[in-house]
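Novice: Just dropping this structure here.
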Amino acid sequence: MLRNSTLLRTVIKQSSGKLLAFPIVSKSLLSTTALRSAQLEENLEESIAPVSKLTKDQLKRRELKRKVKHKIQARLPAHVDPLYVSVPNALRIIRALEVGQPESQQTITVTMQVINEKGVNPLNGDIQLPHPLKASKIVAFSNDPTTLEKVAPLCMAVGGQDLIDKIIKGELPITEIDSSFATPDIAPKLSQQLGKLLGRRGILPNAKKGTVAEDLLQLIQSNVGKIPFRQRGGEIASVNISVGKCTMSDHEILENIIAARTAVMEAVKTQKNKAAKKHQVSILGRTTLTSTHGPGLVIDFV
């Protein structure tokens, strides 16, 4: 029987057909506990307050020890990490965790820890992904049917004067075009007829910008799928690169991961060549593969 109104009601919940009662706690007991907690916090603050601050030399030594520790950990092989998973298994786990999520939010990302030296430029560069994450809205102009046939799989639209007319008439809205390329034989026509339309958006093919060339296929291949990357953070930083979608095959994602690794290692090599001293170069540490809603799983990368 609960006679005292100041007592909290017993919490009852049913489990396997039986009633389970949790202990009754009075308000007075709760108040006493809260008071004791407050007193303990005050005593803790008083005990901490008189402690002297670390000197500059002590702070430097502590930071140096911490940095050395991070460097040692960064050089350890990936398989010793408790979260290590092979890339194929990591992709299986990631896909399972992304079930039911919108396709637009199922992005797979590689994140590399970077141990950086002071005064060293951050890692940066461009990656040519073999399998772009999104379709590039590219148009190609040429009077040569053979050239147009070669580049057609990489473009949203290809053509000569017929394509120019479509854009002028509004049949192909310029807002749907991200970039355009052309061969020299049609470049003058583009400047005359589409200069105002494409020029405003900065996508008019131009030899100075490197968007006009005889070998149109090579030109487009060298530009499609390129994404920039840059190191973010201080001495303990990271590089994040989106390498796929859950809808892509394992083979496609793996090829993108290899392309990302090649680009990052090239950036490290460039950094080493520019460094004043040989030891002033970034160290790549733990690398994780994750998705928008999934955990970070450690993989082999370096």
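The values are calculated or read from the model by the stated rules, or taken from the named source; none is laboratory data. Values in this document were obtained by computation on a predicted structure and should not be read as measured data. All Cβ positions, glycine included, derive from the backbone under ideal geometry; neighbour counts span all protein chains shown. Surface areas here come from the heavy atoms of the whole protein model, side chains and all, with no ligands, DNA or RNA. Shrake-Rupley method; radii C 1.70, N 1.55, O 1.52, S 1.80 Å.
Novice: I'd like to know if region 125-144 contains one or more residues that are in contact with a Pro (Cβ under 7 Å, 6 or more places away or on another chain) and under 21 Å from Thr262 (Cβ atoms).
Specialist: Within region 125-144, the subset in contact with a Pro (Cβ under 7 Å, 6 or more places away or on another chain) is 126, 141.
Subset that is under 21 Å from Thr262 (Cβ atoms): 126.
The answer is yes; a qualifying residue exists.
Novice: Sort out which residues of region 56-80 are closer than 17 Å to Met112 by Cβ, in a helix (DSSP H, G or I) and open to solvent by less than 70 Å² (accessible area, probe 1.4 Å), and write them in order of number.
Specialist: His70, Lys71, Ala74, Ala78
Novice: Is region 79-91 home to any residue that is closer than 16 Å to Ser282 by Cβ and not hydroxyl-bearing (Ser, Thr, Tyr)?
Specialist: Here is the first cut: in region 79-91, the ones closer than 16 Å to Ser282 by Cβ are none.
No, region 79-91 contains no residue that is closer than 16 Å to Ser282 by Cβ and not hydroxyl-bearing (Ser, Thr, Tyr).
Novice: Separate question: Against the definition (more than 30 Å from Ile299 (Cβ to Cβ), within 31 Å of the chain's Cα centre (by Cα), touching a residue at least 24 places away in the same chain (Cβ under 8 Å) and surrounded by 14 or more Cβ atoms within 10 Å (Cβ to Cβ)), how does Leu216 come out, yes or no? Let's see the steps before the verdict.
Specialist: Details: more than 30 Å from Ile299 (Cβ to Cβ): yes; within 31 Å of the chain's Cα centre (by Cα): yes; touching a residue at least 24 places away in the same chain (Cβ under 8 Å): yes; surrounded by 14 or more Cβ atoms within 10 Å (Cβ to Cβ): yes.
So Leu216 passes the test.
Novice: So which residues in region 155-174 are of a type in the set (D, E, K, R) and surrounded by 12 or more Cβ atoms within 10 Å (Cβ to Cβ)?
Specialist: Let us first name the residues in region 155-174 that are of a type in the set (D, E, K, R), namely 162, 165-166, 169, 171.
Listed by number, the residues that qualify are Asp165, Lys166.
Novice: Listed residues Asp300, Asp250; which is more than 22 Å from Pro132 (Cβ to Cβ), at pLDDT 80 or above, of a type in the set (Asp, Glu) and touching a helix residue (DSSP H, G or I) at 6+ places or on another chain (Cβ under 9 Å)?
Specialist: Values: Asp250 fails: more than 22 Å from Pro132 (Cβ to Cβ).
None of the others qualify; the one that does is Asp300.
Novice: Further question on the same structure: Which residues, counting only those in region 90-104, are touching a residue at least 60 places away in the same chain (Cβ under 8 Å) and part of a helix (DSSP H, G or I)?
Specialist: Step one: list which residues in region 90-104 are touching a residue at least 60 places away in the same chain (Cβ under 8 Å), which gives 90-91, 93-95, 97-98, 101, 103.
Within region 90-104, Ala90, Leu91, Ile93, Ile94, Arg95, Leu97, Glu103 qualify.
Matching residues to (1) hydroxyl-bearing (Ser, Thr, Tyr); (2) within 30 Å of Lys69 (Cβ to Cβ); (3) more than 30 Å from the chain's Cα centre (by Cα); (4) modelled with pLDDT under 85:
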{"site": "Glu103", "(1), (2), (3), (4)": "no, no, no, yes"}
{"site": "Gln113", "(1), (2), (3), (4)": "no, yes, no, no"}
{"site": "Thr147", "(1), (2), (3), (4)": "yes, no, yes, no"}
{"site": "Asp178", "(1), (2), (3), (4)": "no, no, no, no"}
{"site": "Lys189", "(1), (2), (3), (4)": "no, no, yes, no"}
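Novice: Related question: Inside region 134-154, can you point out the residues that are open to solvent by 10 Å² or more (accessible area, probe 1.4 Å) and in contact with a strand residue (DSSP E or B) (Cβ under 6 Å, 6 or more places away or on another chain)?
Specialist: Looking only at region 134-154, we keep the residues that are open to solvent by 10 Å² or more (accessible area, probe 1.4 Å), and these are 134-137, 143-150, 152-154.
If the condition is that a residue be open to solvent by 10 Å² or more (accessible area, probe 1.4 Å) and in contact with a strand residue (DSSP E or B) (Cβ under 6 Å, 6 or more places away or on another chain), then Leu148, Ala152 are the ones that fit.
Novice: Just to be sure I understand the filter: pairs with C-beta atoms under 9 Å, separated by 6 or more residues or on different chains, first member in region 263-286 and assigned to a loop (DSSP other than H, G, I, E, B) and surrounded by 14 or more Cβ atoms within 10 Å (Cβ to Cβ), second member modelled with pLDDT of 85 or more and β-branched (Val, Ile, Thr). Which pairs pass?
Specialist: From region 263-286, the pairs are Val281/Val268; Ser282/Val114; Ser282/Val268.
Novice: When you scan region 176-189, do you find a residue that is surrounded by fewer than 17 Cβ atoms within 10 Å (Cβ to Cβ) and within 30 Å of Met248 (Cα to Cα), even just one? Please lay out each step first, then the result.
Specialist: Of region 176-189, the ones surrounded by fewer than 17 Cβ atoms within 10 Å (Cβ to Cβ) are 176, 178, 184-185, 188-189.
Of the ones still in play, those that are also within 30 Å of Met248 (Cα to Cα) are 176, 178.
Yes, region 176-189 contains a residue that is surrounded by fewer than 17 Cβ atoms within 10 Å (Cβ to Cβ) and within 30 Å of Met248 (Cα to Cα).
Novice: Would it be correct to say that Asn121 is part of a loop (DSSP other than H, G, I, E, B), at pLDDT 85 or above and either of a type in the set (Phe, Trp, Tyr) or surrounded by 13 or more Cβ atoms within 10 Å (Cβ to Cβ) (or both)? Before the answer, list the steps.
Specialist: Working: part of a loop (DSSP other than H, G, I, E, B): yes; at pLDDT 85 or above: no; either of a type in the set (Phe, Trp, Tyr) or surrounded by 13 or more Cβ atoms within 10 Å (Cβ to Cβ) (or both): yes.
So Asn121 fails the test.
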